[in-house]
Amino acid sequence: MTKQSPTIEQALEAFLAGHACVSEAEEVSLLHAMNRVLAEDIRAPFSVPSFPKSAMDGYAVRASEVAEATAAHPVVLRVIGERLAGESLPLTGNVEGQEADSVKCMDHGTALRIMTGAEVPPAYDAVVREEDTDYGETQVQIFRGVKQFQNYCAVGEDIREGDIVIPAGTRLGRIEIGTLASLGFAMVPVRRKLNIQIISTGTELVDVKVSSPLPSGKIYNSIAYMLEASLLSAGFEATHVICEDEEAAIQSAIENAMESAADIIITTGGVSVGKKDLLPAILQEIGADVRFQRAQIQPGTPTIGSVYHGIPILSLSGNPYAAVANFDYYFWPLAAKLTACDAYLPSVEEAILATPYEKVNASRRLLRAYVKQGKVFLPAKSHASSVLSNLMNCNCYLDLPAGTSVKPGDVVTIRRMPF
Ligand code: AMP
Ligand code: MG
């Protein structure tokens with residue numbers, strides 16, 4: 001009895017089983033923390049803002065004293081001074097023979113001319129916009145009442161001291177970087193970068209760096225660059241080597257990757273049933289634990305997921321579309337698991353098909369597609385797994401179940417292309 005091929009969901013589950021999040025962390029400077037995964041919960045060491053501050057240019061007042069103010073019946077207050085953003089507030093005593101602000105503020109019927117961002121003295125509880133005054137310097141007419149805490153940023157309005165602001169496992173983006181900066185973090189604890197090593201197998205492959213013009217019969221190694229670009233933008237380390245279709249060479253490339261501490265090894269090419277498709281035999285030879293092979297999907301049926309001495313090896317087809325579609329399906333959930341960060345999980349959504357697609361496929365398909373505002377388009381003329389460039393107009397895969405016919409207006413499942 002032949003074993004039934006797994007679905008890609010079953011294949012993925014088998015591939016992911018048993019892997020744990022990397023434990024090592026490092027401190028990096030704030031900007032270098034961009035796109036990295038936070039290693040520890042970040043608690044706010046102080047509140048933001050840490051002092052009450054004015055949200056407007058105007059006059060700090062006691063709201064209760066100006067509640068009735070109108071243009072016809074302004075409230076007049078004595079202006080005790082001026083406070084600009086960044087000026088510190090003397091709290092007690094006399095300054096150069098002058099009454100201290102805190103003392104002056106105690107007087108009822110007073111206001112402090114204040115600029116946006118300046119500290120509001122404790123005696124005041126609201127700010128009147130300068131447009132609602134006569135801009136007075138020694139005394140000011142208030143033309144409109146304010147409520148308590150109006151135009152006033154309270155302590156902790158943004159972040160409260162002691163709260164967990166960013167939990168461990170968050171992938172840091174610009175807002176997290178800005179938030180960390182607001183708390184004065186110059187260094188950030190992040191998980192160490194995953195180290196992904198790509199082994200591009202194929203005697204026909206040439207690296208862009210070495211050969212120009214291209215010798216006949218050769219092709220440039222496009223996949224390694226596509227995957228590496230994706231991995232680098234995700235915040236990981238990635239390198240690649242090219243290997244001829246020779247068993248010993250591929251085997252030693254796998255051993256080299258293991259020795260140089262790969263967290264994940266990706267091989268491309270040689271997974272099918274051709275004369276020089278050596279990966280299935282090599283994985284067996286070295287004793288890798290093959291977790292899935294020949295899953296029910298097109299393209300990428302021959303993709304293999306295995307584990308060798310605890311290190312996952314994802315073996316992709318050499319056809320660029322098959323490689324990237326399967327990489328996106330299997331790699332990112334693995335990356336999410338190894339970093340304990342869900343941000344790497346690609347988004348799966350429902351959308352409305354907008355382009356006719358006549359074909360009914362015998363197997364489940366991942367079709368290159370473009371989604372915008374809930375509508376899915378199929379801009380590619382060719383769906384061949386060897387064609388790469390038309391993916392430039394795509395941002396998702398249409399996940400079409402086997403034997404399904406679809407028409408415009410149908411609700412379909414799409415998988416976003418990450419990174
Ligand atoms: P294979 O999976 O080895 O049977 O290769 C399938 C097709 O993909 C062949 O036409 C290869 O020449 C091509 N190919 C293999 N590896 C790469 C690569 N790294 N970049 C671009 N094309 C490749
Ligand atoms: Mg090949």
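The values are calculated or read from the model by the stated rules, or taken from the named source; none is laboratory data. All values reported here derive from a predicted model rather than from experimental measurement. Every residue, glycine among them, receives a Cβ derived from its backbone with ideal geometry; neighbour counts consider all protein chains shown. In case anyone asks, the SASA skips ligands and DNA or RNA and just uses the protein heavy atoms, side chains included. Shrake-Rupley method; radii C 1.70, N 1.55, O 1.52, S 1.80 Å.
The figures follow:
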item: Fraction of the pair-distance distribution of region 279-419 above 19 Å, Cα-Cα pairs, percent; result: 55 percent
item: Alpha-carbon radius of gyration plus Dmax, which is the widest Cα pair, for region 314-395 in Å; result: 14.1, 41
item: Cα-based Rg of the chain normalised by 2.2 N^0.38 Å, two decimals; result: 1.44
item: Distance in nm between pseudo-label sites at Lys209 and Phe51 (7 Å out along the Cβ direction from Cα); result: 5.4 nm
item: Net charge of Cβ neighbours under 11 Å - reference Gln298; Lys, Arg +1; Asp, Glu -1; result: +2
item: Theoretical FRET efficiency, 1/(1+(r/R0)^6), r = Cβ-Cβ of Glu68 and Met34, R0 56 Å, to 0.05; result: 0.60
item: Spacing of the two label points (7 Å from each Cα toward its C-beta) at Ala85 and Thr413, in nm; result: 5.0 nm
item: Value in Å of the Kirkwood radius, where region 190-291 supplies the Cα pairs that are averaged; result: 14.5 Å
item: Computed over region 358-419, the ratio Rg/Rh where both radii use C-alpha atoms and Rh is Kirkwood; result: 0.93
item: Antiparallel content of DSSP bridges confined to region 217-349, in %, to 5; result: 70 percent
item: Alpha-carbon Rg/Rh ratio, for region 119-225, with Rh computed the Kirkwood way; result: 1.41
item: Dipole in debye (nearest 20) - the chain, about Cα centre, beta carbon charges: Lys, Arg +1; Asp, Glu -1; result: 1780 debye
item: Hydrodynamic radius of region 26-87 per Kirkwood, over alpha carbon pairs, in Å; result: 16.8 Å
item: Which of Met34, Thr70, Ala335, positive extreme of dipole for the chain (C-beta unit charges); result: Ala335
item: Net charge over other residues, Cβ less than 10 angstrom from the Cβ of Cys341 (K, R count +1; D, E count -1); result: +3
item: Solvent-accessible area per residue for region 151-273 (1.4 angstrom probe, square angstrom); result: 46 Å²
item: Neighbour cut-off at most 16 other Cβ (10 Å), DSSP loop, GluC sites (Glu not before Pro), region 329-382; result: Glu358
item: Rg(Cα)/(2.2 N^0.38 Å) for region 242-354, N = residue count; result: 1.12
item: Length-normalised contact order of region 205-249 in % [C-alpha pairs under 8 Å, at least 6 apart]; result: 34 percent
item: Top of His383, His73, His19 by mean-square fluctuation, Gaussian network on the chain, Cα under 10 Å; result: His73
item: Average accessible surface area per residue within region 344-403, 1.4 Å rolling probe, Å²; result: 52 Å²
item: Helical mean residue ellipticity (222 nm; -39500 (n - 2.57) per DSSP H run of 4+; nearest 500) of the chain; result: -6000 deg cm²/dmol
item: Distance between region 33-76 and region 208-254 - C-alpha centres, whole angstrom; result: 55 Å
item: Label point distance in nm, Thr404-Ser5, each placed 7 Å from Cα along Cα→Cβ; result: 1.7 nm
item: Spatial separation of Cα centroids for region 325-403 and region 1-28, in angstrom; result: 20 Å
item: Mean Cβ count within 10 Å, highest first, over the residues of peptides 193-199, 51-57; result: 193-199, 51-57
item: Total formal charge among the other residues, if their Cβ is under 13 angstrom from that of Ala261, Lys/Arg +1 and Asp/Glu -1; result: -3
item: Carbon/sulfur fraction of accessible area - the chain, other protein chains in place, 1.4 Å, %; result: 52 percent
item: Positive-end extreme of charge dipole, region 99-158 - chosen from Val128, Cys153, Met115 (charges on Cβ); result: Val128
item: Ordering of 149-157, 59-67, 37-45 by burial proxy (mean other Cβ atoms within 10 Å per residue, highest first); result: 59-67, 37-45, 149-157
item: FRET E, pair Glu246, Ser182, Förster distance 56 Å, beta-carbon r, rounded to 0.05; result: 0.50
